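The values are calculated or read from the model by the stated rules, or taken from the named source; none is laboratory data. Everything numeric in this text was worked out from a predicted model, so none of it was measured. Don't worry about glycine lacking a Cβ; one is built from the backbone with ideal geometry, like all the others, and counts go over all protein chains shown. SASA here: full protein model, heavy atoms, side chains in, ligands and nucleic acids out. Shrake-Rupley method; radii C 1.70, N 1.55, O 1.52, S 1.80 Å.
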Amino acid sequence: MYPFLVINSFEVVINTAQYKQILQLADTCKATLVAVSKTKPTSAIEAMYQLGQKDFGENYVQELTEKQTQLPADIRWHFIGHLQSNKVKFIAPFVHLIHGVDSLKLLQEINKQAQKNSRIIPCLLQIYIAKEETKFGLDEEELTKIIEALEPLTHINIAGFMGMASFSNDTNVVRKEFNSLKKLFDKYKQLNKPNFQLQYLSMGMSGDYQIAVEEGSNMLRIGSLLFGARS
Ligand SMILES: *Cc1c(COP(=O)(O)O)cnc(C)c1O
């Protein structure tokens, strides 16, 4: 379907044409493109790194830590999966941004591990916008409770929000969900605390990134369009 770059005879790794196209859109919209490399080999990440890509997203702690030791040190690793508290310590030394934070307990653990590593770790709060029960995220009431409890957490910074729209062919539904997150983002952007400074709105994946940028996303998490479908 697309002209994939073939690195060796049996492994199709990245779609260069698609990458350039998405990057151009991201640049125009002043959005950061996070290349989601979960389940993909380090050779695929290296190929994209050679094109200048520095931001990569991973979902699984063990996979991320293994890749991090094997790949260039200036890669900015985004953790985009559902993070368990007992695994924060493994990524705390190097993670660039944690996208899916959805509880105070997790935030407290990130703060603790960040402190141990003498770091301030930027986090995005995951907001529940989809109709689907299976998706994670905070509602506004939970969000305000977390904001009230932030003061002692001096080693984290809430740098934005993240959301996932419903998996739906109805673009109006997806658009409405992204729009509701953008409104919430704009509202809470007014709030300026030492460790709460909203800058990033992480929304949009392979299937809905165009709608996401139209609705104000400035951080895209795209996997399969760049690396091919995951098995
Ligand atoms: C896998 C994943 C993506 C990328 O999905 P694609 O549809 O392959 O672009 C983005 N965000 C999250 C949270 C993911 O788990």
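The table for this structure:
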read-out: Between 0 and 90°, nearest 10: helix 104-116 axis offset from the chain longest Cα axis; value: 80 degrees
read-out: Equivalent ellipsoid semi-axes - Cα gyration tensor, the stretch 73-170, angstrom; value: 24, 17, 10
read-out: The stretch 7-71 - percent relative contact order, Cα under 8 Å, separation 6 or more; value: 33 percent
read-out: Using alpha-carbon coordinates, inclination of helix 16-28 to the longest axis of the chain, degrees; value: 40 degrees
read-out: Cut-off under 5 Å, modelled amide H: who pairs with I121 long-range; value: I156, N157
read-out: Coil-residue GluC sites (Glu not before Pro) of the stretch 99-174, DSSP, other Cβ within 10 Å capped at 12; value: E132, E133
read-out: Alpha carbon centroid spacing (whole Å) that separates the stretch 50-117 from the stretch 145-205; value: 19 Å
read-out: q = 0.21, 0.29 Å⁻¹, the stretch 106-159: log10 I(q)/I(0) [Debye, one scatterer per Cα]; value: -0.79, -1.13
read-out: GNM top mover of L191, L104, L143 - the chain, alpha-carbon springs below 10 Å; value: L191
read-out: Over the chain: helical MRE at 222 nm, DSSP H runs n ≥ 4 each giving -39500 (n - 2.57), nearest 500; value: -11000 deg cm²/dmol
read-out: Degrees separating the helix 171-189 axis from the principal Cα axis of the chain, which is the longest one; value: 50 degrees
read-out: Within a Gaussian network of the chain (alpha carbon springs, distance under 10 Å), most fluctuating of S217, S85, S202; value: S85
read-out: Karplus 3J(HN,Hα) series, Hz, for the stretch 46-51 with 6.51 cos²θ - 1.76 cosθ + 1.60 (x for Gly, Pro); value: 4, 4, 6, 4, 4, 7
read-out: Estimated Rh, the stretch 4-227: Kirkwood, alpha-carbon pairs, angstrom; value: 17.9 Å
read-out: Probe 1.4 Å, accessible area per residue of the stretch 4-227, Å²; value: 48 Å²
read-out: Local electrostatic count, P72, Cβ distance below 13 Å [Lys/Arg +1, Asp/Glu -1]; value: 0
read-out: The stretch 21-109 - convex hull of alpha carbons, volume per residue in Å³; value: 104 Å³
read-out: Probe 1.4 Å - accessible area at L25, Å² to nearest ten; value: 50 Å²
read-out: Relative contact order %, the stretch 4-227, counting alpha carbon pairs below 8 Å whose residues are six or more apart; value: 20 percent
read-out: Charge sum, other residues only, whose C-beta stays under 13 Å from L106's C-beta, Lys/Arg counted +1 and Asp/Glu -1; value: +1
read-out: All-pairs Cα distance distribution in the stretch 114-224, expressed in whole percent, bin size 5 Å; value: 2, 12, 22, 23, 17, 12, 8, 3, 1, 0
read-out: Proximal charge balance of D55 [Cβ under 10 Å; K/R count +1, D/E count -1]; value: +3
read-out: For the chain, size of Cβ-based charge dipole, Lys and Arg +1, Asp and Glu -1, in debye; value: 400 debye
read-out: Carbon/sulfur fraction of accessible area - the chain, other protein chains in place, 1.4 Å, %; value: 51 percent
